[in-house]
Amino acid sequence: MASARWLLLIADIGGYTDYMRSHRMSLAHAEVNTARLLEKVIDAAPGFELIEIEGDAAFLARQADALDTDATVALTLQAAIAMHRAFHVERQYVVTNLCPCHTCTEAENLKLKFVVHVGEVATQTIRQRRKLVGIDVILVHRLLKNPITVPEYVLLSEELYDTASAPLPGPAHEVSQDLEGIGPVRAYFLDVADLPVPAGPLPDPSMLERVGRTLVIAGSGMPHMLGFRRRRRTAPAF
Ligand SMILES: [Zn+2]
């Protein structure tokens with residue numbers, strides 16, 4: 001097993017409640033909407049490799065050995081801003097489709113948050129899929145459970161935060177936690193609202209586009225509504 005330094009990033013969509021998933025059609029549409037949103041988010045960070053889709057989150061990574069250490073945080077924030085923008089553009093299409101189900105009408109409550117860490121990771125390739133293993137992989141996943149109350153943020157582990165030599169583009173707030181199986185850790189989060197996110201307007205889909213999107217989602221929901229498919233939710237082992 002090869003070991004190297006990797007930048008580990010989880011982009012996690014929040015906002016779908018159990019209530020919204022409690023109806024078959026809503027559940028099917030939650031799955032379709034989440035998949036589309038995650039796809040756009042992943043595409044917006046071409047420097048990162050997709051390691052795994054974990055429920056409503058994407059686990060991405062990039063090898064950090066070749067990165068300029070001082071610039072790693074700046075690069076991370078740049079990627080987060082691009083992913084955040086892609087998420088909100090796509091969310092706008094979901095919000096404006098004409099489906100009356102709960103998950104489509106309430107899609108504007110969906111939020112995107114990030115947790116990021118840098119650490120020594122072992123890699124394993126199984127059937128052309130790269131797997132990352134090690135305590136740092138567990139740590140980045142555990143950081144997802146945190147007491148932060150702002151809806152959208154980028155949480156940097158202390159190891160990553162400490163590599164930044166230039167000032168950050170927004171205030172960093174410290175959070176201290178006792179992570180299960182790891183112990184006390186410190187991390188720092190930036191509120192996305194404080195970051196220089198592009199100010200361009202979100203798309204305003206035409207009625208034709210809205211109808212088109214509605215037909216796509218109605219079509220994707222069909223097998224679920226008929227009970228042919230069961231939702232597959234990969235339960236992360238963290
Ligand atoms: Zn719907």
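Read-outs: derived from the displayed coordinates by stated rules, not from any lab. Here the structure is a predicted model, which is why all the values come from computation and not from measurement. In this analysis, Cβ positions are derived from the backbone assuming ideal geometry, glycine residues included, and neighbour counts consider all displayed protein chains.
Provide, in order from the shortest bin, the percent of all Cα-Cα pairs of segment 1-50 in each 5 Å bin, continuing until the bin that contains the maximum pair distance.
P(r) over segment 1-50, rounded to whole percents: 4, 16, 21, 18, 12, 12, 9, 5, 3.
Give me Rg over Rh for segment 115-206, both radii from the alpha carbons and Rh done the Kirkwood way, two decimal places.
On the Cα set of segment 115-206, Rg over Rh gives 1.07.
Rounded to the nearest 20 debye, what is the charge dipole size of segment 51-124 about its Cα centre when +1 sits on each Lys and Arg Cβ and -1 on each Asp and Glu Cβ?
In total the dipole reaches around 280 debye.
Test of understanding: ordering T125, T214, T76, T69 by Cβ neighbours within 10 Å, fewest first, what list do you get?
T125, T69, T214, T76
Pairing the Cα long axis of helix 207-225 with the longest principal axis of the chain, what angle in degrees results, from 0 to 90 and rounded to the nearest 10?
It works out to around 90 degrees.
Most mobile of L190, L160, L215 per a Gaussian network model of the chain (Cα springs, under 10 Å)?
Between L190, L160, L215, it is L215 that shows the largest mean-square fluctuation.
Put +1 on the Cβ of each Lys and Arg and -1 on the Cβ of each Asp and Glu in the chain; which of P100, M1, V185 then has its Cα farthest toward the positive end of the dipole?
Farthest towards the positive pole: P100.
Viscosity 0.692 mPa s, temperature 37 °C: give me the Stokes-Einstein translational D for segment 40-79 in µm²/s, with Rh taken as the Kirkwood radius over C-alpha pairs.
297 µm²/s
Would you list the P(r) distribution for segment 52-112, with all Cα-Cα distances sorted into 10 Å bins from 0 and each bin expressed as a whole %?
18, 37, 28, 13, 5
Between E39 and E159, how high is the FRET efficiency from 1/(1 + (r/R0)^6) when r is the Cβ-Cβ distance and R₀ = 41 Å? Nearest 0.05.
0.90
Report, in deg cm²/dmol and to the nearest 500, the calculated mean residue ellipticity at 222 nm for the chain, where each DSSP H run with n ≥ 4 adds -39500 (n - 2.57) and the sum is divided by the residue count.
Value at 222 nm, helices only: -10500 deg cm²/dmol.
With a sphere of radius 14 Å drawn around the Cβ of K131, what net charge do the other residues whose Cβ falls strictly inside it have (Lys, Arg +1; Asp, Glu -1)?
Computed value for this residue: -1.
Can you list residues from other chains, or at least 5 along the same chain, whose modelled amide H is less than 5 Å from the amide H of L179?
Those qualifying (amide H under 5 Å, at least 5 residues apart or on another chain) are V185.
Taking only the alpha carbons of segment 59-188, what extent do you get along each of the three principal axes, in Å, biggest first?
Per principal axis, max minus min of the Cα coordinates gives 47, 43, 31 Å.
When the Karplus curve 6.51 cos²θ - 1.76 cosθ + 1.60 is applied with θ = phi - 60°, which whole-Hz ³J(HN,Hα) does each residue of segment 170-181 get, with x for Gly and Pro?
So the J values, rounded to whole Hz, are x, x, 9, 10, 7, 10, 10, 9, 10, 8, 3, x.
To the nearest 20 debye, what charge dipole does the chain have about its Cα centre, counting +1 at the Cβ of each Lys and Arg and -1 at the Cβ of each Asp and Glu?
It works out to roughly 1260 debye.
Over 16 Å apart: what share of the alpha carbon pairs of segment 22-135 falls there, rounded to a whole percent?
Looking at segment 22-135, the distances longer than 16 Å represent 64 percent of pairs.
Give the dimensionless ratio obtained when the Cα radius of gyration of the chain is divided by 2.2 N^0.38 Å.
1.05
Would you pull out the residues with amide H under 5 Å of L98's amide H, same chain only if 5 or more places away, H placed 1.01 Å from N?
Long-range HN contacts for L98: T214.
Please find the FRET efficiency linking H23 to R130, where r is the Cβ-Cβ separation and R0 is fixed at 30 Å, and quote it to the nearest 0.05.
0.25
Using the scaling law 2.2 N^0.38 Å as the reference, what is the normalised Cα Rg of segment 21-87?
1.34
I'd like the Karplus ³J(HN,Hα) series for segment 77-94: coefficients 6.51, -1.76, 1.60, θ = phi - 60°, whole numbers in Hz, and an x wherever there's a Gly or Pro.
Here the 3J(HN,Hα) series is 5, 4, 5, 4, 5, 5, 5, 4, 4, 4, 4, 6, 5, 5, 4, 4, 5, 5 Hz.
Provide the per-residue ³J(HN,Hα) series for segment 115-128, in order, calculated from phi with Karplus coefficients 6.51, -1.76, 1.60 and θ = phi - 60°, each as a whole number of Hz, with x at glycine and proline positions.
10, 9, 8, 10, x, 7, 9, 8, 10, 9, 10, 10, 6, 6
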